[in-house]
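Working notes, beginning with the structure itself.
Where a number appears in this text, it was derived from the coordinates with a stated rule and is not lab data. For clarity, every value in this text was computed on a predicted model and none was experimentally measured. As a convention, Cβ positions derive from the backbone with ideal geometry for all residues, glycine included, and neighbour counts pool all protein chains shown.
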Amino acid sequence: MQHRQHDKYATLNPISRYLLLPIFFLVIAGCAQQPAILFPSSLPSTSAQDTYSPTEAVTQCYAFYDDIAKHTQQVNYPAVFRVQGYPFLRSNRFLASFAEELAGQQQARWQSWLVQLNQQAINALLLEWQQLPLALQQQLADSHQPISRRKLQQELQGCGVLLVRALLQQSELSTELLELAQVPDHYSTLKRTLGLYPLVKPFFNAGVEREISHLQEQRRRFADAPLSASVYDGRSIATADKPQPLVVDQLGIPLLSAEQAQSWLAQWRPVWLVQESGDYDRPGQVYWQEQQLPAIDTDKPVQYEYVSFGRWQGQVTLQLNYSIWFSERPPAGRFDLLAGPLDSLIWRVHLDRQGRPLAFDSIHSCGCWYQLYPAKGFASQAVRDGSESVLVDFGLQPEGGQAAQGQKVIELQVRSEDHQLMRAAVKSRYSVQNHAGPRRRLAVANFNELYGLSLANKQGYRSLFDAQGLVSVSQRGERWLFWPMGIASPGAMRSPGTHAIAFVGRRHFDDANILQRVGLIEADDQ
């Protein structure tokens, strides 16, 4: 594969390939340890090093990344943020949260951070490349033959080694990079200004408080009524082996292989009990129809999963995410502004470094209906940053510490039509297996499959999400009322990394410190 010339990095100091060996092995370790993309690891290509002088190799590698990044902007992977001027780096709110402590830190921590950003870029570019027309792929590769995903990954990883090593020699760039890696929030200040946000904020806040009270009352009634629901179970028949202890890098970020990530996900997979009054209540596999419109195959129930990271009291936490998708939220009446095509729920588990639960939380994939479930030993206090209140449920506390271990499993009860999560409880495997309702096997899939769904004609791939992270077909009528809150298309389904989860204030589902922001505290601190 040939690489085009680019002026940037042309003045960097020569890099000996022998000095690259420590970074080489660090990158190899990091390639299989990322949270959301679980690709098989492979050895980086050395073509750039073998073909060019050290300085030329860095320049050519930058040009290769830059070419691909420019051509993939329209199929942008929205779960991460492009670092302007550095096409081989992508950031997210978790990695951006290290900015203050990285300033002036030892090189080993700085190196770990850069490797993480480079791997995010590699993961993103692989998903974006897949969506490009074959002719454009061949053009970018300077080849008349299709380039395999594995070969592209090798090229990106090999070039990533060179470019990260070059940055480590340019310490004066650290302050700039830390600033450029900060992820903008997903609120529009312009919309809030035009919508007179300071004036309407109290009315919206009052509406949120009423909705929380109303939903709490509905949940009490729901719990008292007999439950008739279908059981969707994605757990393996045999009890999953206990995951290996977490090994972390210089920043405390767990280094997970694909197999380890799957082991952790298997340990905490919930069981969904869904009330069903129509096909719109049956979770299924997302696919593209002939008209290039997304649809749900309810004959193939699927749970989409991914691993992410957060922080709690300065320590990195492991986040296990589980998502199911429905064909629609049907209208409750003629003028239901919340109804529309596609609906989805995300359930998330927060674990400390020892694998103990801190909390559980959930949203609809529009970012709406955030719910917090403190684990055993934790409590919740009122939100103190001026943003809206949070619906808190302590239903998992009695046995939260043992949930999903041994003979325990978390059971999630979902209401028909609006797909509200009405109850989360720890149940024995025996009681789940003997539930009276119909049982359906729930297949599991990597969430990133949604960023590269096969087209109906099998002539390529397309992401469920647009470049801004929205599923455009899922827009809701509520957007005409809630736009003054500054959120793009309120009610529409959207990609991880783009979930604004509060109308009042500014709050994101992927905020590294989300647990502190929503008031989670240790019970002894009350």
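Quick look at the values:
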quantity	calculated
Environment charge at Ala436 (Cβ cut-off 15 Å; Lys +1, Arg +1, Asp -1, Glu -1)	0
Burial ranking of peptide ranges 162-170, 197-205 (average Cβ count within 10 Å, highest at the top)	162-170, 197-205
Residue exposure sequence - Trp480, Trp347 - by fewest surrounding Cβ within 10 Å	Trp480, Trp347
Global form of region 262-342, assessed from the alpha-carbon gyration tensor, a/c cut-off 1.5	prolate
Given [x] 81, 51, 46; [y] 88, 60, 47; [z] 73, 56, 55, the label whose value is Cα extents along the principal axes in Å derived from this model	[z]
Rounded tilt (10° steps) of 54-71 against the dominant C-alpha axis of the chain	40 degrees
Anchor Lys201: aspartates and glutamates whose Cα lies under 16 Å away (excluding residues fewer than 8 positions away in-chain)	Glu209, Glu211, Asp385, Glu388
Highest to lowest packing among 471-477, 411-417, scored as the average C-beta count within 10 Å	411-417, 471-477
Table column - 3J(HN,Hα) (Hz), region 367-383, Karplus curve with 6.51, -1.76, 1.60, x for Gly and Pro	x, 7, 6, 5, 9, 10, 10, x, 7, 4, x, 10, 9, 9, 10, 4, 4
Per-residue Cβ neighbour rank within 10 angstrom, fewest leading, Glu478, Glu155, Glu211	Glu211, Glu478, Glu155
Cα gyration tensor shape of region 409-500, rounded if a/c is under 1.5, else prolate or oblate by comparing a/b with b/c	oblate
Cα lying deepest toward the dipole's positive end in the chain, options Tyr62, Ala108, Ile487, charges on Cβ	Ile487
Ranked packing of 515-523, 435-443, 244-252, most packed first, by mean Cβ within 10 Å	515-523, 244-252, 435-443
Hz values of 3J(HN,Hα) by residue in region 259-268 - Karplus curve (6.51, -1.76, 1.60), Gly and Pro given as x	5, 5, 4, 5, 5, 5, 4, 5, 5, 10
